[in-house]
1. Would you point out the residue of segment A:152-180, among those that are touching a residue at least 40 places away in the same chain (Cβ under 8 Å) and away from chain C (no Cβ under 14 Å), that is surrounded by the fewest Cβ atoms within 10 Å (Cβ to Cβ)?
2. Answer yes if at least one residue in segment C:140-155 is touching a residue at least 12 places away in the same chain (Cβ under 8 Å) and either away from chain A (no Cβ under 14 Å) or farther than 30 Å from residue A:257 by Cβ (or both), and no otherwise.
3. Residue pairs, Cβ under 7 Å, 6 or more apart or interchain, first in segment A:364-388 and under 12 Å from residue A:425 (Cα atoms) and in the same structural domain as residue A:341 (by TED's automatic domain parsing), second of a type in the set (Lys, Arg) and crowded, with 16+ Cβ neighbours inside 10 Å. List them.
4. Do we find a residue being assigned to a helix (DSSP H, G or I) and of a type in the set (Ser, Thr, Tyr) anywhere in segment B:43-51?
5. Taking residue B:502, is it out of contact with any Phe, Trp or Tyr (no Cβ under 8 Å at 6 or more places or on another chain), modelled with pLDDT under 95 and buried (at least 24 other Cβ atoms within 10 Å of the Cβ)?
6. Checking residue B:8 against (1) within 14 Å of another protein chain (Cβ to nearest Cβ); (2) crowded, with 20+ Cβ neighbours inside 10 Å, only one condition comes out false. Which one?
7. Would you check if residue B:459 is touching a residue at least 60 places away in the same chain (Cβ under 8 Å) and outside any strand (DSSP E or B)?
8. Please count how many residues of segment B:363-401 are out of contact with any strand residue (DSSP E or B) (no Cβ under 6 Å at 6 or more places or on another chain), modelled with pLDDT of 95 or more, more than 28 Å from residue B:505 (Cβ to Cβ) and aliphatic (A, V, I, L, M).
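The values are calculated or read from the model by the stated rules, or taken from the named source; none is laboratory data. On a predicted model such as this, the values are computed, not experimentally measured, just so you know. No Cβ is skipped: glycine too gets one built from the backbone with ideal geometry, and neighbour counts run over all protein chains shown.
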Amino acid sequence: MGYPHPSHAKEQPVLSKHFGDAGARTFEGWVKRGGYEGLRKALGMTREQVVEEVKASGLRGRGGAGFPTGLKWSFMAKEVTRPHYLVCNADESEPGTFKDREIIRWTPHQLIEGCTIAAHAIGAERIYIYIRGEFTAEHKILTTAVEDAYRNGALGGNVFGSGRRIDVVVHRGAGAYICGEETAMMNSIEGKRGNPRIKPPFPAQAGLWASPTTINNVETLAATAHILVRGAEWYKGLCLSNPKSTGTKLFSVCGHVQRPGNYEVVMGTPMRDLIYDMCGGMRPGRALKAVIPGGSSVPIMTAAEIEDCAMDYEGIVAKGSMLGSGGMIVMDDSTDIVYQVMRLARFYAHESCAQCTQCREGTAWTTKILERILAGAGKAEDLALLLDLADNMTGKTICVLSDSCAAPVVSAIKKFRGEFDAYLDRTRRPVMVAV
Amino acid sequence: MTQDLVNVTIDGMTVAVPKGTSIIEAAKQAGILVPHYCYHPSLPSPAVCRMCLVEVEKVPKLVPACVTTVAEGQVVHTDSEQARKARTGVLEFLLINHPLDCPICDQAGECELQDYVFQEGRAGTRYSEYAKRYNPVEDFGPDVLYVANRCILCTRCVRFMEDVAGTPVLNVSERGDRAYIGIDEGQLLDHPWAGNVVDLCPVGSLISKDFLHKARAWDLDKTASVCTGCSQGCNITIDTRDNTVVRLRPRPNLEVNRHFMCDTGRMNYRWMNRGDRIEAPLVRDAGRLVASDWDRALDRLASLVEKGGTAVLLASGAASLESLGMVHRLLAGTRLTAAVQVPMAESEEPLQGIKGLALRRERAPNGDGARLIGYGTDWPAAVKAASSADLVVLLDVTLTDAEAALVSGAAAVVVLGTLQTQELPAATLVLPVTNVAEENGTFVNRDLRVQRYQQARTAPGMSRPAWWVAASVAPAHALGPSTGASTAAEAFALVCSTIPSLADLSYADLGLLGRMTPAQGLAPTMHGGS
Amino acid sequence: MSGNPGAGPAQAAAHHEESYQPVFVGPVKARLEALFPQYPTRQACLLPALWMVQEERGWISPRAIGEVAEVLGLTPAFVKGVVTFYTMYHTHPVGRHFVQVCTTSPCNICGAEDVVKAFLQHTGCGELGATSKDGRFTVIEVECLGACGFATPVLIDDDFIEGVTPERVPGILQGYK
């Protein structure tokens, strides 16, 4: 497994400090690199103190929703009357995102440590790490590390002599993007179809097996280890633009850059620094056309829009998109935007769980319209139809997969209208065969 | 009964409903129907169809009315522009893969997709050039066909089998727009209550083979009735076409059967249409049974009754309270032994998820009604008594050969019957009576609930309700206590007047959902419970 | 109430598995039972159990669905609903080596579709989802594999291979007999 790049000067390696370093995979290796100090510290604190520390740090969920982590933890009952559960979301399936995989394959103990800290904070004795089925190598690395952690007392009936019991169960997914949605993930762990649940009830009230549950992303959990060691103030200080977005973020950059890969930067770092400096800019002779900054479920951005965009939650919203998972899909001028929007719609159509009418039928219909446009059979009304369908698919379903299909469609039609028109007025030749 | 009540305003109408009520149920109380598919009051709510999205003031997104509970002071708009657009959107999405099967689909005329599309769907589809998703028709057996193309994936059938019937034999298979309802290979939908999925299906996806292409919904006359299959007394609707019963369906009654009936009861209607009926009153004249008119027949009946002496009344547990009661009263001047026949099955078939609902062992609807009137249950003893009785009256029963032999020992036998099947050489008088579909009447179920049923088809030939026969004999012959009654309602009132727990009841009191009667001071019911 | 029992659903099992050997015996059974204490319900062991079946048999047959249902106290219909939801479970036999190529947008713009074509060509599969005549390969397109920065990632059996280009395909395939 190659690791594409040593850290760039503009990066802030916290989580990624040991990417590429095979020695970090073992318990001993991790401890040598300062690991498990965060857990030891947390075990000496009360649940409330740990929660307060993470709250103060400003850490927000790194899976895509950006919900304040400490606040989420505080929703768990103070008194444990039923089993509390922590679920680690390692289902990473958002197109463009590949950071959690990196964390697991290079620093599994970083994740285990973060999970255990979180479990302590929320009063959980059991952690389910839900790892997508396709991460075959990472699954082996993780299970080996878990066994390693047990052997060394970082997990089990008496974690580091604290008297606390914390267990980890690694649970493999089997090919469903929707299982990355927290309530669908719980259904999947329970041995059911990965259908998202209606909320309320919320997981903290009734989650896994109707018991209080917290679900956190891999990157979020990994960050907590560092927050516990170096303090909330330190984490809060890692902030370049907006005090509501603190810490570092691993951005997964892919597509048409010279050096794709995972880059860890301080929140608020300018997007153009990431794309042009750290990733080496476009391939020779190519110009930037578009960026989808937060995994495919967010609005597409034009090359102009990324120019003065600060990469944090508010900064990207200010530019009309969302930080999401931080999976940045960079597209140069060789890209057929219409084709890629079709391919994304097809992705959502494949992954729809089939519960809600709008999503089940709308994602497929959207795909078919786009395919027809690409096949040279588009009609003048098609764009208005796509926008109307997108409106009917937004804000009306149990989960946001439906909205996620609509977002790239709406933003692409708005910002790359000419590309669609070229197919519609037949100045661009069809690239697909009509079905 | 004090409860926390919540005030909520729906489409301008304010109602007070118990805390925890869903918006969709609160709306019903305000007289507003929120269109929906996957929601059903007897099933758990998944909120997947998204039809019931309504606008709630101060809430940014539309909310599903079926799972959102009311809040004090909430203001809901079910018909705002946003809500209507959302519904029109859902309907359009449902129609893109739904085939244009209305001309050949049984559900037409009673189809919720048709109804809502007509009400607020788009006039024309915008999905015009693609093939629709295709899946072949599947035979879920024994009676249910699954027309996969028409399925809107509301999952009511899956939830019914899993949560109410207790056997998860249906599933949703695949994902996305490839999804369909699956049944395990080699499995059949043969649960005793499985036929309800056909009623639950809002469209013509799950259909009954028994009803396949038999009639159009708008050709049907629908009559409120009660199932005669057992003592549960499920409320049903009898659907007739051109005076022929073509289908039975459950009628909602939250106190008895909620929204369901079992397959045994559901399929048990063909006998109502049988043509081998006794056509006219038959009077034995010089050794032969001769067709006659009611006047002659009633005269003959009166003369037999007037003789007095010992009488044995053998009645079917499926006879109405009115008929059982009036015939019993007619024989009040005799030394009467009355017994009611209730066939008993080996076991009962409960519907797990509904408390107190089962296909009962007592396979007759009115055993308890007969008992309230004073009929006994020792059938063999009564038959034995019949062999030496002066008068035996059979009320819609079929005797075994052995029983018929015994009964023929009686001096006179009067048969009040429906079918021609049994020839009794001993019969002096054979009078045609109506069956449950051809008369008004009441049954008392095993919970001592009195329920009305209404006439669904015209009585064939010269048949009349058995209560009418008894009521019509008396006035001309001044027999016994006043037995005159010219309507079923009057007969009911008359019969009830001598039964303490039913005293003063009238048809108006019963409505079409029936009424519980107090069980005070009565012997245990037929089935041993209370 | 007509309808003949046994006239089952349209997709009748293509195989009459008269000689079906249970999966959950011996060590496999032990492995499954070792999972039971890790979850409060047997049902939660469903996905792991299905993985075990697929590891042992290469696919999950209707009889296997029945066996899993029985072992976990579920109905076959329920298990089938779960099996057909998750795309990594095979409900029919596939080639000895199962090739999954990601073609979602991030890889798509980096030439993933050419990689697919190369696999189809060099495996002799001809079309997506079909098994090559020698039974060696089945090639399918899949959605995002979570390695977008290492386009194009390909999963062959349990081997996750990064950075696949059409040129590398013949060499990669050599390793799979």
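1. Among residues in segment A:152-180 that are touching a residue at least 40 places away in the same chain (Cβ under 8 Å) and away from chain C (no Cβ under 14 Å), the one surrounded by the fewest Cβ atoms within 10 Å (Cβ to Cβ) is A:162.
2. Checking segment C:140-155: not a single residue is touching a residue at least 12 places away in the same chain (Cβ under 8 Å) and either away from chain A (no Cβ under 14 Å) or farther than 30 Å from residue A:257 by Cβ (or both).
3. Filtered contacts from segment A:364-388: A:378/A:372.
4. Narrowing segment B:43-51 to residues assigned to a helix (DSSP H, G or I): none.
Within segment B:43-51, none of the residues are assigned to a helix (DSSP H, G or I) and of a type in the set (Ser, Thr, Tyr).
5. Working: out of contact with any Phe, Trp or Tyr (no Cβ under 8 Å at 6 or more places or on another chain): yes; modelled with pLDDT under 95: yes; buried (at least 24 other Cβ atoms within 10 Å of the Cβ): yes.
Yes: the conditions hold for residue B:502.
6. (1)
7. For residue B:459, the condition - touching a residue at least 60 places away in the same chain (Cβ under 8 Å) and outside any strand (DSSP E or B) - is not met.
8. 2
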